[in-house]
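Worksheet for the structure shown next.
Please treat every number below as a calculation from the coordinates, not as lab data. Quick caveat: nothing in here was measured; it's all calculated off a predicted structure. Cβ atoms come from the backbone with ideal geometry, glycine included; neighbour counts cover every protein chain shown.
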Amino acid sequence: MAKPPLRTKIVIFNDTHGWHSQQLVDALAPFGISAVLTDLADCRIDLDQPTGLLIPGFEDTLPAAVMVRGIAPGSLEQITLRMDVLHTLAELGVPVFNPASAIEHTVDKARTSLRLHLAGIPTPKTWACENTAMARELAAGQFDAGNTLVMKPLFGCQGKGVVKLASLAEFDAQAAVGEAFYLQHYIESMVESMGSNKNQSSQTRLIWQDWRLMVVDGEVCAAMSRQSDHWITNFAQGAVCSPTQVTDEMRDLAIAATEAVNAAYAGVDLIRQQDGTFTVLEVNSVPAWKGLVQASGVDVAGFLARAISRRVHGDE
């Protein structure tokens, strides 16, 4: 690598900075880029400023680029203000990674489903509405057809608040989150695995499996399979993450899904259907990658740092 240029300062936004932020800071240093770690909630719109914005650590200037690592939950008004900051930074010519549009397309699961559907990308059948009677009627039709549904919060992550429903009694026992219903076909993706019982003898057991692929600037840089004794296979919920081979079908789906939500980088979750084909479960525009690094050994932060450097320095 050539000698790094004079240090350029970017901002990394997250409400809690820890392992991921340090990974990025370390990976950016060889590119001559330093980072201010702050929270979008600490920024303000201030028309006394020439740009109309005040970003902590950039009182007299703007960051050379923005890395969005996380946005804290908040009221509609709080989230709107934070999106205002990201939109304005992009309008001022600051590279925002990921842009506000990508976050808006992915933080709302119904919006993600729509974007994938309209792009012709396979994704589970989905229904979203506010009306309880309408949601109940939709669910009843699916149960009568022998289908199982998954009910998720529109805004959520790490498998929290996700429930599986197989009957109207189970549906009626669940309260809508924020007075909105988001329902999806449940896709069972189970594989046989060799385990051990208490006597250490090998036995075959069924486990649930899906895949996470990390896409950065149109390239799948890392991937893992997630396996669990529970149908929710998030790393944060205790799933075992393992290295995996990526087929052309998986790669093409992950890249297309990332493009569909206008993201420059994303964690794309895939699941294999009964016919052997893959479908896109979710697209995360502020993905964590600790489990991915542990499973694959890939320096994900390095890929992200190179992507930021391309935006700051115009590197190839």
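Roughly what angle does helix 248-260 make with the longest principal axis of the chain, taking Cα atoms, 0 to 90 degrees, to the nearest 10? On a 0 to 90 degree scale, this one is about 60.
Of all the options Asp269, Asp252, Asp172, the one that moves most in a Gaussian network model of the chain with Cα springs shorter than 10 angstrom is Asp172. Against the chain, whose longest principal axis is taken from its Cα atoms, helix 19-28 shows a tilt of about 40°. Ordered by the number of other Cβ atoms lying within 10 Å of each residue's own Cβ, fewest first, Thr80, Thr244 fall into the sequence Thr80, Thr244.
Per residue, the average separation of C-alpha pairs within less than 8 Å and at least 6 apart gives the stretch 126-185 a relative contact order of 50 percent. Ordered by the number of other Cβ atoms lying within 10 Å of each residue's own Cβ, fewest first, His313, His105 fall into the sequence His313, His105.
Dividing the helix sum by the residues of the chain, where each DSSP H run of 4 or more adds -39500 (n - 2.57), gives a mean residue ellipticity at 222 nm of -9000 deg cm²/dmol. Here each label is just a point 7 Å from Cα along the line to Cβ, and for His117 and Glu219 those points are 3.5 nm apart. Working note: Debye formula, equal point scatterers on the alpha-carbon atoms of the chain, no solvent; log10 I(q)/I(0) at q = 0.08, 0.10 Å⁻¹ is -0.41, -0.63. Taking other C-beta atoms within 10 angstrom as a stand-in for reagent exposure, Leu89, Leu118 fall in the order Leu118, Leu89, fewest first.
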